[in-house]
Amino acid sequence: MPRKKVTAVSGNGGMKKKRVSGKRKERDFSSDEEFDYEQENNKKLGKPCVKPGLQPVTVADDIKEKIKLECPKIKGQLLIFGATNWDLIGRKEVPKQQGRIFLCYNISCRFVLQLKESKCPTCRNDKGQLGHGDTKRLEAPKLIEALADHVMVAAACGRNHTLALTEDGTAYSFGENKMGQLGQGSQTDAVLTPAPISYNGQPLVKMACGAEFSMVVDCKGNLYSFGCPEYGQLGHNSDGKFIARAQRIEFDCEIIPRRVAIFIEKSKDGQIIPVPNVVVRDVACGANHTLVLDSQKRVFSWGFGGYGRLGHAEQKDEMVPRLVKLFDFPGRGASQICTGYQCSFAVSEMGGLFFWGVTNTSRESTMYPKAVQDLCGWKIRSLACGKSSIIIAADESTISWGPSPTFGELGYGDNKPKSSTTAQEVRTLDCIYVEKVVMGYSHSLVIARQDTEQEQERLKKLPEYNPRTI
């Protein structure tokens with residue numbers, strides 16, 4: 001039966017900003033102003049901005065599911081490469097050892113690593129995003145005492161905020177909260193200690209963070225969003241803009257989780273067709289755009305449309321989730337999704353890797369999903385994307401590429417090219433089986449298998465990472 005056509009879905013929920021000449025630009029999250037850490041440590045937070053009448057999502061206890069999420073079944077040796085000092089990023093000369101692979105820590109399934117938008121491993125803490133109750137920088141991983149009694153199964157990082165998920169489906173958040181991206185029912189400068197989000201619905205199973213917004217998925221496949229709505233990335237049919245005093249543009253932020261209720265597809269003639277019964281299985285966020293994967297292996301995207309990162313063959317912002325048509329055919333669905341700063345990836349159920357968007361803004365954009373020909377035939381088990389670099393674990397190899405400037409996150413080693421516009425095997429990881437890869441802004445972390453004596457011997461040959469001597 002054909003889906004019913006509707007015409008009143010797209011639009012702007014707030015007052016429009018006056019049009020100005022020139023190309024519309026996305027806000028840049030790649031640089032920070034000078035930050036006074038001592039002043040921040042001694043500063044008292046102002047009175048929280050709270051919206052009256054807001055009610056969090058609530059489900060009665062007698063119908064709420066009881067779940068116990070499992071920790072990822074991954075264990076091994078943690079390896080790090082790339083920039084380890086945020087202050088050095090952007091300089092013309094960086095320490096040579098940043099391209100080398102270093103041993104870091106043993107990782108078992110009790111630990112969770114997610115570095116989506118974090119700028120440097122266990123280092124920057126401007127807004128308390130490390131969750132230790134202060135804004136002091138750290139040189140090495142440290143247990144978050146406020147979460148020590150919980151079994152954590154997942155985490156996600158935004159520009160300056162963090163979400164963490166427990167085995168019973170409870171989400172905690174900490175860090176910057178000016179846009180309500182912590183989902184705690186208020187807008188404050190920062191929350192330095194983990195606190196539960198304002199949500200009492202079905203247990204949560206997935207989470208993701210953009211630069212200044214967050215997404216969570218419950219066990220029933222419902223998607224919720226909160227934070228900055230600037231480009232429509234929250235999926236509520238609005239960019240949240242309104243004109244405040246002195247003609248200043250401000251945003252009506254979502255400060256508690258709000259369900260994303262509308263999913264659509266667009267026909268060639270521009271007709272908008274609702275897509276019912278979407279059950280979300282996974283979610284990924286770029287700086288200002290979002291992807292979801294549903295139970296039927298379909299992909300939806302919305303938010304900032306610049307450089308084709310939404311995959312709809314146009315650069316228009318999308319205010320609600322819109323179907324990416326390439327993956328809506330039998331046998332061509334997606335099995336994995338991943339987002340970069342200005343790009344998107346999906347692995348098809350046949351194993352092919354598809355890319356759209358841009359990693360180098362000086363080159364032509366890919367406006368719709370295209371197969372990455374260099375990786376045809378590879379079986380991809382894990383992929384991650386940083387600011388503009390990509391790393392993949394496939395078969396027995398680790399593969400990476402990214403345009404200049406890079407800071408060693410590709411792992412090519414000393415006296416080797418620092419960047420590559422095409423996919424290259426990471427030879428410094430030859431004969432090392434990588435289970436999982438993640439990337440931050442300009443660094444990579446991988447978990448390498450160490451089940452056999454031979455694998456352990458190979459890993460012992462790598463230098464050990466010591467932040468005090470690097």
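Annotations for the structure displayed:
- Selection within segment 73-98 - surrounded by 11 or more Cβ atoms within 10 Å (Cβ to Cβ) and at pLDDT 80 or above: ILE74, LYS75, GLY76, GLN77, LEU78, LEU79, ILE80, PHE81, GLY82, ALA83
- Qualifying residue in segment 225-239 (condition: over 26 Å from LYS66 (Cβ atoms), in contact (Cβ under 8 Å) with a residue 12 or more places away in the chain, aliphatic (A, V, I, L, M) and outside any loop (DSSP other than H, G, I, E, B)): no
- Flag for GLY286 being buried (at least 24 other Cβ atoms within 10 Å of the Cβ), at pLDDT 95 or above and on the phi > 0 side of the Ramachandran plot: no
- Residue count for segment 451-470, restricted to those that are among the polar types (S, T, N, Q) and either under 21 Å from ILE399 (Cβ atoms) or at pLDDT below 90 (or both): 2.
- Any chance PHE226 is among the aromatic types (Phe, Trp, Tyr) and more than 24 Å from ALA154 (Cβ to Cβ): no
Here's the yes/no breakdown for (1) touching a strand residue (DSSP E or B) at 6+ places or on another chain (Cβ under 7 Å); (2) crowded, with 21+ Cβ neighbours inside 10 Å; (3) assigned to a loop (DSSP other than H, G, I, E, B):
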site: GLY311; (1), (2), (3): yes, yes, yes
site: VAL320; (1), (2), (3): yes, yes, no
site: LEU326; (1), (2), (3): yes, no, no
site: PRO330; (1), (2), (3): no, no, yes
site: PHE345; (1), (2), (3): yes, yes, no
site: MET350; (1), (2), (3): no, no, yes
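- For segment 446-470, the candidate set comprises residues that are assigned to a helix (DSSP H, G or I) and of a type in the set (Asp, Glu); within that set, the residue that is nearest to the chain's Cα centre (by Cα) is GLU455.
- Residue, nearest to GLU364 (Cα to Cα), within segment 272-323, restricted to residues that are acidic (Asp, Glu) and in contact (Cβ under 8 Å) with a residue 60 or more places away in the chain: ASP317
- Qualifying residue in segment 174-194 (condition: touching a helix residue (DSSP H, G or I) at 6+ places or on another chain (Cβ under 8 Å), surrounded by fewer than 19 Cβ atoms within 10 Å (Cβ to Cβ), more than 23 Å from LEU445 (Cβ to Cβ) and not aliphatic (A, V, I, L, M)): yes
- Any hit, segment 141-152, residues being closer than 21 Å to ILE80 by Cβ, touching a residue at least 24 places away in the same chain (Cβ under 8 Å) and surrounded by fewer than 17 Cβ atoms within 10 Å (Cβ to Cβ): yes
Residues are listed down the side, and each one gets a yes or a no for (1) modelled with pLDDT of 55 or more; (2) more than 16 Å from PHE174 (Cβ to Cβ):
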| residue | (1), (2) |
| --- | --- |
| ARG100 | no, yes |
| LEU103 | yes, yes |
| CYS120 | no, yes |
| LYS127 | yes, no |
| THR135 | yes, no |
| GLU139 | yes, yes |
| GLU145 | yes, no |
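- The requirement of being among the charged types (D, E, K, R), in a loop (DSSP other than H, G, I, E, B), under 17 Å from HIS236 (Cα atoms) and at pLDDT 95 or above is satisfied by LYS316.
- Taking the criterion of being within 18 Å of ASP218 (Cβ to Cβ), part of a strand (DSSP E or B) and touching a Leu at 6+ places or on another chain (Cβ under 7 Å), the residues of segment 153-192 that qualify are VAL153, ALA154, ALA155, ALA156, ALA164, LEU165, ALA171, TYR172, SER173.
- Total residues in segment 415-445, condition out of contact with any Phe, Trp or Tyr (no Cβ under 8 Å at 6 or more places or on another chain) and in a strand (DSSP E or B): 8
The values are calculated or read from the model by the stated rules, or taken from the named source; none is laboratory data. Keep in mind the model is a prediction, meaning the values are calculated, not measured. Because the Cβ atoms are built from the backbone with ideal geometry, glycine has one as well, and the counts that use them run over all protein chains shown.
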